[in-house]
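Note sheet for the following structure.
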Amino acid sequence: ALHQGVRPMIDVRVGAIEQLTPHIRVLTFEPHPGKRLPAFEPGSHIEVQLLEDGRPRRSAFSLTGSSARRDSYQIVVRVRPESGHVSRWLHDSARLGSAVQITEPRCGLRLASRARRHVLIAGGVGVTAFLSHLKALREQRGDYHLYYTFRSYEQGILAQRLVDEHGTRITVCVSAEQGRLPLDRILRAQPRGTHLYVCGPSAPMQAAV
């Protein structure tokens, strides 16, 4: 029997790799032939488990693909000097066909079902937590807007792709050129019934709160 709190593991393989920048790549996980992956809610994450010196290590990653798909999961992996074993292996060593173990999805950031409007504020790589939300809101024809702020164009890894997919529902703010996102003006302009979601570095998160 599983101990209380232990999440069952799922065997998958790396089905696709897209290198966005020297430090960021998109990985697609696929189930074994004949299998399907568990359904997930927008805003869900998985944990990827690898062994390091014979000991299991886990790191959590937001699911960035469409929640309607059961044939694959997609994550974005970014490596920094402080990155751990799992992120570094996924970025530096994972290849097409590599075997990986993941946990079942868990949703930690649900969309408010009764919201009349959704405003999402993302700082830097924090935008990955909202990618599944944006896909779901577009499919539902919901009222939403993403404010995506980052220091320089090199850090806005998904900016153009999001603008291409969502058009005027995306506002990009490059802080090195435009200054900080005008949060006070943005939030005061929202109608009653708007729900706010924030993800990213602590400074923009605290400023929004």
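The values are calculated or read from the model by the stated rules, or taken from the named source; none is laboratory data. Predicted model only: the values in this text are computed from it and were never measured. Using ideal geometry, Cβ is built from the backbone for each residue, glycine included, and neighbour counts are taken over all protein chains shown. Keep in mind that these areas ignore ligands, DNA and RNA; they rest on the heavy atoms of the full protein, side chains included. Shrake-Rupley method; radii C 1.70, N 1.55, O 1.52, S 1.80 Å.
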**Accessible area (Å², per residue) of the chain, counting only protein heavy atoms and a probe of 1.4 Å** = 57 Å²
**Item:** Mean Cα-pair separation over length for the chain, i.e. relative contact order, pairs under 8 Å, 6 or more apart, %
**Value:** 21 percent
**Message:** If R₀ is 41 angstrom, what is the calculated FRET efficiency for the pair residue 36 and residue 188, using the beta carbon separation as r and rounding to 0.05?
**Reply:** 0.35
**Message:** If packing is taken as the average count of other Cβ atoms within 10 Å, what order do 117-125, 90-98 fall into, highest mean first?
**Reply:** 117-125, 90-98
**Karplus-derived 3J(HN,Hα), 6.51/-1.76/1.60, for each residue of segment 72-77, Hz, glycine and proline x** = 6, 10, 10, 9, 10, 10
**Prompt:** Whole-Hz Karplus ³J(HN,Hα) for segment 11-26, in order, using 6.51 cos²θ - 1.76 cosθ + 1.60 and θ = phi - 60°, x for Gly and Pro?
**Reply:** 8, 9, 9, 6, x, 7, 9, 10, 8, 7, 9, x, 10, 9, 9, 9
**Complete:** A correct Karplus calculation of ³J(HN,Hα) over segment 99-116, with 6.51 cos²θ - 1.76 cosθ + 1.60, θ = phi - 60°, whole Hz and x for Gly and Pro, returns 7, 9, 10, 10, 7, 5, x, 9, 9, x, 8, 6, 6, 6, 5, 9, 5, 7
**Message:** Pairs of alpha-carbon atoms within less than 8 angstrom and 6+ residues apart define the contacts here; what relative contact order does segment 51-142 have, in percent?
**Reply:** 37 percent
**Message:** Given the -39500 (n - 2.57) contribution per DSSP H run of 4+ residues, what per-residue ellipticity at 222 nm results for the chain, rounded to the nearest 500 deg cm²/dmol?
**Reply:** -5000 deg cm²/dmol
**Message:** Students sometimes get this wrong: rank 55, 70, 116 by accessible area, probe 1.4 Å, all chains present, largest first.
**Reply:** 116, 55, 70
**Prompt:** Hey, if we sort 146, 196, 187 by accessible area with the 1.4 Å probe, largest down, what's the order?
**Reply:** 196, 187, 146
**Prompt:** Over the heavy atoms of residue 35, what accessible area does a 1.4 Å probe trace out, to the nearest 10 Å²?
**Reply:** 140 Å²
**Fill in**
Rounded to a whole %, the carbon-and-sulfur portion of the accessible area of segment 1-73 at a 1.4 Å probe is 48 percent
**Fill in**
In vacuo Debye sum over C-alpha of segment 98-148, base-10 log of normalised intensity I(q)/I(0) at q = 0.16, 0.25, 0.29 Å⁻¹, listed in q order, is -0.55, -1.04, -1.24
**Request:** Normalise the Debye intensity by I(0) for segment 61-201, one equal point scatterer per Cα, no solvent, then take log10 at q = 0.11 Å⁻¹ and round to two decimals.
**Result:** -0.47
